[in-house]
Structure formats: C-alpha cells, structure tokens
Amino acid sequence: PSCKVFFAKDPLKIVRAQGQYMFDEKGERYLDCINNVAHVGHSHPDVIKAATKQMELLNTNSRFLHDNLVQYAQRLTATLPEKLSVCYFVNSGSEANDLALRLARQYRGHQDVITLENAYHGHLTSLIDISPYKFNQLGKDSKKEFVHVAPSPDIYRGKYREDHPDAASAYAEEVKKIIEETQKNGRKIAAFIAESMQSCGGQVIPPVGYFQKVAEYVRAAGGVFIADEVQVGFGRVGKHFWAFQLQGENFVPDIVTMGKPIGNGHPMSCVVTTREIAESFGASGLEYFNTFGGNPVSCAIGLAVLEVIEKEDLQGNATRVGKYLLELLAEQKEKHPLVGDIRGVGLFVGVDLVKDQQRRTPATAEALHLIYKLKEHQILLSADGPYRNILKFKPPMCFTMENAKHVVQIIDALLTEIEEATGMTTENNASTNAQCKGKATEAIPQPEGANESIGHVNGAACRQEDGLYSKKCTVTSKRIRT
C-alpha cells in the first residue's frame, strides 16, 4: 500500500515507449508530459546502441580503470563552472544528495542543514530528514533538531510576492536570520540545500539574486551551498545547461547533484564538487566506494545522452517549445478564472490552479479532476505542490510545438467544462486584469544574459499583445461536477 502509481484509481500498464509517447498493453498511445527521466526521449536509439555495445564488452564495478569513466567525467565537468571539477558517480538522485550531505558535513565538521519549505531531496532516511515535503506528513514533531526550514522563494504564494521591491534579498534575509538564531543556540551550519527550481514544491522559480545572497551568508557561517539539479538539469531550462545558471554567471554552487535525466532512464547519478571539498572528504580516512557508480555501461550511456543533447539541439528545442508553451498557457490565464499563475523556464512549466484569483485559493480537487480527464484524452500530466494544485510540465526534451498546442487545446476545453460545472465565470478575474501594469512575461527581473524564456504570468499580469493563440478544440466528454 505504501508504493503508489500514477492514476491510482485507474492505473495504466505501459509496455513500450518511443520519443515523447508511451503505449499501453492495448496499443493506445499517450503523450508524455511528465517523464523528465527519459530526458532525450524514450528508447532513444543512440542511447540503446551505446549501452548494448558496452554491455557486450564489459560491465564491472568501478574499482578497475576504464576510459569511459575518465572521458565522461571530462565531458560532464566541461558543462560546469571551472571550480566544479571532481566527480563522484553513484546510482540515484537520492544517493547523490546523501553523499552531498556527507561531503558538506566533513568539510568543516558542522552538522546542521538549512532546507526550503516543501522541499524534496530523496527517499533515504538522511534525505527525508531534510525534506519538509515528506516529513511534514509525519506530524508536527517530525523535524529534527539539526534541520532548519527557510521560506520557499515563491513570489506567487510565498511570504514576499511579485509586488515586493526586492524579493530575492527579502527571502535571503530569512536564511540569514536562521543562521544567526542557530549560532546563538551553539549550532553550526554545514549546508544550505535547494533544488535550483523547486519541482515537488510547486514549480517555483527563485528570484534572480537569491542564491548569491544565500551563498554569501551560508559560506560566512562555514557552510556550503548544494544545488540539487536532479530534476531540472541537463539543459531542461533551455539556454543554460544547468538551472542554477539562471541566477547569473556570478553564482557557482559548492556542490551540484544530478540524477534522473543523466542516464535517460538508466540508474545513474553524480555529485560534482570542488577539489578543496573533495580533499577534505578524503582526509577523513574513510574511503568512498560505490559498486556500480561509474561502471563502464553507465558512463557509455551518460556520454550518449550528452551527445544526443548536443547533436539534436535539445537545449534549443527546450527554449523554443517552452516559450511557445508559456505563450499558449498565458492565453489560458486570460480566458479561465481557474488559472492563477503560469510560470516556467524552458521545458519546466507550472500552471497554478485557483478557485479565486485574488485570494489565490488552491484548486486541489479541480487539478486532480483535470489530470484524470487529460488521461482520458491520452495525455499524461501530474499535479503537485504543497496543495497538489500545480499542473507540472516536464516532458522529454523532444517535446514539440505541435505537442504543446495539442495539450493546451485540450486543457482549454476541459477548464471550460469544469468552470461551467462549478459555476465559475470570467468575472472572477475581471478586477485582477484591470490592475494590469506590465507585460505578461518577464515578471522576474533578469541580469544581462539570463534566460529569456522565463515566464511568470500571475494574478497581476495582463494579456500579451504578441501572444500565440490556440484555437479552442471541442472535447466531447460527460460533465462531472468537481
């Protein structure tokens, strides 16, 4: 009972997949909008070929020398800032984040960790301890003494919102207060850990400058900054290979963790850090060994994934298709009172559904209903966030403009159906739209060269003059009152 599946009331049996499509045992095709594991597309032939070729020669543990290990480490670190130069290969995002905590704690001998509201970093005991998304389900006394929770830098639902003159600094000051309070109590900070963009936390994009200020405060306290790229790395944001680069060139984490897309479904992951931190870890006298981490097959697959991203210009595709998807969804924000906020970068997009746009009341039941109705139309999407009201787009990187248009057309029709069934009208957001002062996109201030595809279309946003409008499709389905 503790093991859950998608669409638990009516689960799918998937037997094969190709590109951005999955097929059930009846041969029905589903458009996959959620599988960020199959990063370059399900069953990609180049990845399969690399795996098969290496498997025919050798697969063994990583205590033997092998060219694939060195070549992959060189290729991977070439995508990162220069000081991030040492790789530890492991098998899952959870293993990567657990090792990152060990590295951070060994570095200065400190123990305490600062995490964010609604954060999720993995399923190991050490990571449940620092994941409010999970430990809050266990009751009010579930937070450990060494864990400190900072407000999520969410400018739509958080403590400081889009009308704040400097939300980045305000949220960073909250972290500074935690550090000061911790030090008063005789405790020391080992690390601040955050997804570069919160996924399970509700597709939250931190305001630019937030990470720089947090890193300054954390490092002054003797801690390190861990950027969790397990869900959002490898070019998903489009113009940058890593999501932390959205903060600007002047921000470099001390440790970066990665998983999921790294092997396109093959179980592998990695921790990359500085030589200084790696040497302090080795100085402990406790050697690190991972049986399968960095094995020849895993590294062959990892190399193939990097090659496909470059060869097929999947970063460029994420930029183009992501921008188009945001524009289509922004139009839905104008049409539907259920849509409170559209936010996203590249192929990482969230749609915040609300019952009331001004109060921003989460529309949890409506989101769940919409997910199941989309499944009936053979579209796989999920809802997440602290209130389970955020529609999450994180499809394979081969997702197309045609796919985006198709999905939004169906969402448009279903939102109309739900609003009619529940008595919602466009009058709900009329007063909000009248308050419009700026453009619908680019609500987050950007440093020069930052990702142009960031969109944050919220309750204070207005219609885009140059938006791309999709023709409403007619969906015949029985009206269900939510």
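The values are calculated or read from the model by the stated rules, or taken from the named source; none is laboratory data. Here the structure is a predicted model, which means the values were calculated and not measured. In this analysis, Cβ positions are derived from the backbone assuming ideal geometry, glycine residues included, and neighbour counts consider all displayed protein chains. Heavy atoms of the whole protein, side chains included, go into the accessibility calculation; ligands, DNA and RNA do not. Shrake-Rupley method; radii C 1.70, N 1.55, O 1.52, S 1.80 Å.
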For the stretch 108-132, how many residues are open to solvent by 40 Å² or more (accessible area, probe 1.4 Å) and either within 17 Å of residue 92 (Cβ to Cβ) or in a helix (DSSP H, G or I) (or both)?
6
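Within the stretch 235-253, which residues are of a type in the set (A, V, I, L, M) and within 18 Å of residue 277 (Cβ to Cβ)?
The one that is of a type in the set (A, V, I, L, M) and within 18 Å of residue 277 (Cβ to Cβ): 252.
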Could you list, in sequence order, all residues of the stretch 219-259 that are charged (D, E, K, R) and over 17 Å from residue 200 (Cα atoms)?
219, 239, 249, 254
What's the total number of residues in the stretch 215-245 that are open to solvent by 10 Å² or more (accessible area, probe 1.4 Å) and within 13 Å of the chain's Cα centre (by Cα)?
2
Residue, nearest to residue 351 (Cα to Cα), within the stretch 145-165, restricted to residues that are open to solvent by 40 Å² or more (accessible area, probe 1.4 Å) and under 24 Å from the mean Cα position of the chain (by Cα):
157
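Residue-by-condition table, conditions (1) without any contact (Cβ under 8 Å) to a residue 60 or more places away in the chain; (2) part of a loop (DSSP other than H, G, I, E, B); (3) open to solvent by 50 Å² or more (accessible area, probe 1.4 Å):
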{"site": "4", "(1), (2), (3)": "yes, yes, yes"}
{"site": "8", "(1), (2), (3)": "yes, yes, yes"}
{"site": "51", "(1), (2), (3)": "no, no, no"}
{"site": "62", "(1), (2), (3)": "no, yes, no"}
{"site": "68", "(1), (2), (3)": "no, no, no"}
{"site": "84", "(1), (2), (3)": "no, yes, no"}
{"site": "87", "(1), (2), (3)": "no, no, no"}
Checking residue 343 against (1) out of contact with any His (no Cβ under 7 Å at 6 or more places or on another chain); (2) open to solvent by less than 10 Å² (accessible area, probe 1.4 Å); (3) modelled with pLDDT of 95 or more, which test does it fail?
(1)
Tell me, please, whether a residue that is touching a Lys or Arg at 6+ places or on another chain (Cβ under 6 Å) and more than 21 Å from residue 272 (Cα to Cα) can be found in the stretch 216-234.
yes
Residues that are open to solvent by 30 Å² or more (accessible area, probe 1.4 Å) and among the aliphatic types (A, V, I, L, M), drawn from the stretch 23-40
37
How many residues does the stretch 236-251 hold that are assigned to a loop (DSSP other than H, G, I, E, B) and either touching a helix residue (DSSP H, G or I) at 6+ places or on another chain (Cβ under 6 Å) or under 17 Å from residue 319 (Cβ atoms) (or both)?
8
Number of the exception - residue 168 against (1) open to solvent by 50 Å² or more (accessible area, probe 1.4 Å); (2) assigned to a helix (DSSP H, G or I)
(1)
